[in-house]
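What follows is one structure encoded as structure tokens, with my remarks underneath.
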């Protein structure tokens, strides 16, 4: 790796951290929103998208890497209580890193459903996670419960 690439990656990680902290803080000051629902088909499709577009940076098991945040403990702490439209919007605009803005709305919704599922969120129904920003704005990324947070600690 070149030094320039490493510096750019570190800068991107810093900017991402500030963005995530800001959105998590802003969301914590409002209500809880509606129960989150996503379909098993979305989760399966999201798993395929993750494997093809995300795992190379975020790891096969969402563990992250040296310059890339994990998409489990760190991720859920940063996005807890945030309206899901903000997460979907961020993914839509900025991911995947090497081709930002290339995921169609149905793939973004599937990827969000996969991330919710992988982080222990149980769908309220088998209804698909909506793709529309206005509907996603009514849903919040659930905060991890104390028992699930304790279960993920080594």
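The values are calculated or read from the model by the stated rules, or taken from the named source; none is laboratory data. All figures in this text were calculated on a predicted structure; none of them were measured in a lab. Cβ coordinates were reconstructed from backbone atoms using ideal geometry, including for glycine residues, and neighbour counts include every protein chain displayed.
In this structure, is residue 86 touching a helix residue (DSSP H, G or I) at 6+ places or on another chain (Cβ under 9 Å), within 14 Å of residue 108 (Cβ to Cβ) and surrounded by fewer than 16 Cβ atoms within 10 Å (Cβ to Cβ)?
So residue 86 does not fit the description; no.
What's the number of the condition residue 47 fails, among (1) modelled with pLDDT of 95 or more; (2) out of contact with any helix residue (DSSP H, G or I) (no Cβ under 6 Å at 6 or more places or on another chain)?
For residue 47, the exception is condition (2).
In the range 15-44, what count of residues is obtained for those that are touching a strand residue (DSSP E or B) at 6+ places or on another chain (Cβ under 7 Å) and either at pLDDT 60 or above or surrounded by fewer than 16 Cβ atoms within 10 Å (Cβ to Cβ) (or both)?
So the count comes out to 4.
Evaluate the following for residue 112: is it loosely packed, with under 15 Cβ neighbours inside 10 Å and within 15 Å of residue 36 (Cα to Cα)?
It is false that residue 112 is loosely packed, with under 15 Cβ neighbours inside 10 Å and within 15 Å of residue 36 (Cα to Cα).
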